[in-house]
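**Q** Questions regarding the structure given below will be posed in turn.
The values are calculated or read from the model by the stated rules, or taken from the named source; none is laboratory data. All figures in this text were calculated on a predicted structure; none of them were measured in a lab. Reconstructed Cβ throughout: ideal geometry from the backbone, glycine too, with neighbour counts over all protein chains shown. Surface areas here come from the heavy atoms of the whole protein model, side chains and all, with no ligands, DNA or RNA. Shrake-Rupley method; radii C 1.70, N 1.55, O 1.52, S 1.80 Å.
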Amino acid sequence: MKNGKRKERTRAQESSNAIERMYITMRHLFNRGFYKPMGISGETLRQSLLLLRPEIYGTVADEEKVELEGLLYVIDRLPQGIEECSIINLTSDEGYSNSHFKPIIPEKRRRNCYRIDDEQMNIEITRGRSEIYDILTHLTFLFVESHKISDRVLIDESGATTRDWEKLEKAVKSTKKLSQKEREVAVTHTANILGRTFSELTTIYQEFATTTQPERLLHIIYWLGKLAIEEKITNNKRTVTFSPILREDIGHHIHGEIWADSIKKLLYKNQLLERPIHIISANMHSVMNTLFTPSALKDIASKKDIFEVYKLLSNKDNIPLRKKVQNRALEEGMIYMNDISGANIDVQIFDTDKVDLSKLDVKVDETVIKSKKPVIFVMDYAFGEQAYEVIDELLKPYIAKDQKIFLNIESISIMGKAGILEGGKGDIMIPSAHIFEGTADNYPFKNELKKEDLCCEGIDVYEGSMITVLGTSLQNREILKFFYNSTWNVIGLEMEGAHYQKAIQAASKVRGSIREDVKVRYAYYASDNPLETGSTLASGGLGTSGVKPTYLITRMILEQIFN
């Protein structure tokens, strides 16, 4: 302070404070057991979100416009029908899978949800606090947008509504399929309600549609508005509740422990537990495809560039090709474990002693591999804090016949998607440290992967620090610019890195349950650049542009393991 004048807080500082307030508030509401998002109890969350104005939620702070891309992003990560529910109950795994309720799995998130009745939706939380924060943030956005709709259609406090609303209601309640003319009339009235153009709504309309609900966008807008109107007219506020079992379970590694024990039991049963083990956190196709495509698809692979073959395999419609590779993997000893622990992390185990190494198209020191017979253990992606839970449990010794068996972990490789702060979609980031957002906690490490290992025409590679954020949906331009321009040398942001490294360091340097010189590899490919307008996660997926970086990283990880 100079001359008694207080220095103005920057937008980045305000945003950082808003994120911190949101997390403190969410923890408080969770401990309390329930809250009303559009009531007094939800006010801090709403105010913080509107102050923050995250990039992914676009025009959330614009009172005249309803955000469409952000709405699509959120609705794909929440269960179908949630817009109709006034009670949203977050639960632990409490036995609904053994009931008559059919699980509803969101399009872009693996979580079981159950529609209990007309008013209530239950969402199963098995991936820790990050999943709760993710859902509450999305719900806050959803309900803020719903009140924008009600503000634009309510004429007075008695509940009288505009002509546009009446026309939308008529279209939604129609029992027959809408003709193109009827749809366009409904879209015209809906565009007026949303403060959007006819063209904007027409462009995004099909992205909301499902096979069972082609007019889903109209349906979502109507129900969001209808429940918001009820809140205002009758004070019947929507409520989010947390089951007592969930509040008791959270933070105790219940699902992570079941998951890790079942894996170690499987390795023990197959006499693989005491062999050298290489853990890879990745998707469920890239390691398998890299190992078995050259032999399973020999005819195609001999005529095409291998990355073109990977693109063919990434097309979900190419089922026969994908099946061929999978069958070859199973023939050569792949063990696949479909996770039923609730952690939602599937697993593949490859015994290199059963793999025909001569058919691989990556460098292999066959003498070393034949003598050491390493095991490659591939696990699907964890979610936020869950990464600490599952790795912490996995690296603990296994107890068999009253004997403690320590795992011989030689390397841990983490591959994933992340937001990049310089460059664009499909570029690669090689971290040298993970920094935990909102703290000075930092986890430097020696990364076995180097920039020169992954240089390739058409793909830029960046080295530096990565920020592990509390939630990707809470970042705005000002915070990201602060990260980018700070002395931390930040190149990107993701949600799991610091949690993985914290568990690895605890196991290797504190507990001594794995070797201290365990090799670590981290590499991320850019899913978006949130500093570029129109390049956030809400703007759509990577498409085939993610194939080449995914397989470049996978091939290099395997090459290092095999040599």
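**Q** How large are Rg and Dmax for region 301-398 when only the alpha carbon atoms are used, in Å?
**A** 16.4, 47
**Q** Follow-up question, since we're still on this one. Hey, can you grab everything whose amide H is under 5 Å from the amide H of Tyr522? Only 5+ residues off in sequence or another chain; H modelled, so Pro and N-termini drop out.
**A** When sequence neighbours closer than 5 places are left aside, the close amide H contacts are Ile414, Glu448, Leu449.
**Q** Then there is this: Enter the accessible area of Lys176 (Å², nearest 10), with the probe set to 1.4 Å and all protein chains included.
**A** Probe radius 1.4 Å; accessible area of Lys176 about 120 Å².
**Q** If you find the alpha carbon centre of region 236-274 and of region 60-97, how far apart are they in angstrom?
**A** Measuring centre to centre over Cα atoms gives 24 Å.
**Q** Shifting gears a bit: When the solvent-accessible surface of protein heavy atoms is calculated with a 1.4 angstrom probe, in what order do Trp223, Trp259 fall, highest first?
**A** If we order Trp223, Trp259 from most to least accessible, we get Trp223, Trp259.
**Q** Which trypsin sites (Lys or Arg not before Pro) from region 368-435 combine a DSSP loop assignment with at most 13 other Cβ atoms within 10 Å?
**A** Answer by residue number: Lys401.
**Q** Which whole-number percent gives the relative contact order of region 227-333, counting Cα pairs below 8 Å spaced six or more residues apart?
**A** 19
**Q** By a straight-distance test (C-alpha under 27 Å), which lysines pair with Lys102 as possible cross-link partners, with residues fewer than eight away in the same chain excluded?
**A** Filter leaves Lys36, Lys173, Lys176, Lys177, Lys226, Lys237, Lys316.
**Q** Roughly how tilted is helix 254-269, in degrees to the nearest 10 and between 0 and 90, from the longest Cα axis of the chain?
**A** Roughly 30 degrees between the two axes.
**Q** Still on this structure, please answer the following. Can you list the residues, at least 5 places off or on another chain, whose amide H is less than 5 Å from the amide H of Ile409, using H built in the peptide plane?
**A** Amide H to amide H, under 5 Å and 5 or more residues apart or across chains, Ile409 pairs with Ile277, Arg515.
**Q** Taking the Cα atoms only, what angle lies between the long axis of helix 198-208 and the longest principal axis of the chain, rounded to 10 degrees?
**A** On a 0 to 90 degree scale, this one is about 50.
**Q** Ranked by accessible surface with a 1.4 Å probe, highest first, in what order do His100, His252, His138, His147 come?
**A** His100, His252, His147, His138
**Q** List the lysines whose Cα sits under 19 Å from the Cα of Lys373, skipping any in the same chain fewer than 8 residues away.
**A** Partners found: Lys264, Lys269, Lys354, Lys359, Lys363, Lys519.
**Q** How large is the helix-only mean residue ellipticity at 222 nm for the chain, computed as the sum of -39500 (n - 2.57) over DSSP H runs with n ≥ 4, divided by its residue count, in deg cm²/dmol to the nearest 500?
**A** -13000 deg cm²/dmol
**Q** Still on this model: Does anyone have the angle between helix 163-173 and the longest principal axis of the chain? Alpha-carbon axes, 0 to 90°, nearest 10?
**A** Relative to the chain, helix 163-173 is tipped by roughly 50 degrees.
**Q** Could you sort Ile40, Ile56, Ile245 by their accessible area in this structure, using a 1.4 Å probe and putting the largest first?
**A** Ile40, Ile245, Ile56
**Q** Right, next: What figure, in Å² to the nearest 10, do you get for the accessible area of Asp351 with a 1.4 Å probe and non-protein molecules left out?
**A** So the heavy atoms of Asp351 present about 10 Å² to solvent.
**Q** Can you work out the Karplus-derived ³J(HN,Hα) for every residue in region 102-107? Use 6.51 cos²θ - 1.76 cosθ + 1.60 with θ = phi - 60°, whole Hz, and x for glycine or proline.
**A** Rounded to whole hertz, the list is 8, x, 10, 10, x, 4.
**Q** Roughly how many whole Å is it from the C-alpha centroid of region 192-226 to that of region 139-187?
**A** 10
**Q** Related question: Per-residue accessible area for Met556 at 1.4 Å probe radius, Å² rounded to 10?
**A** 30
**Q** When only C-alpha pairs under 8 Å and at least 6 residues apart count, what is the relative contact order of the chain, in percent? Provide the component values of the computation, followed by the final result.
**A** Values: 974 pairs, mean separation 94.9, N = 563.
Computed over the chain, the figure is 17 percent.
**Q** Of (i) 43, 27, 25; (ii) 35, 30, 25; (iii) 43, 29, 20, which one was derived for semi-axes √(5λ) of the Cα gyration tensor in Å from the structure shown?
**A** Label of the calculated value: (i).
**Q** Using a cut-off of 12 Å between beta-carbons, work out the net charge of the residues near Glu422 (Lys and Arg +1, Asp and Glu -1, Glu422 not included).
**A** Net charge around Glu422: -3.
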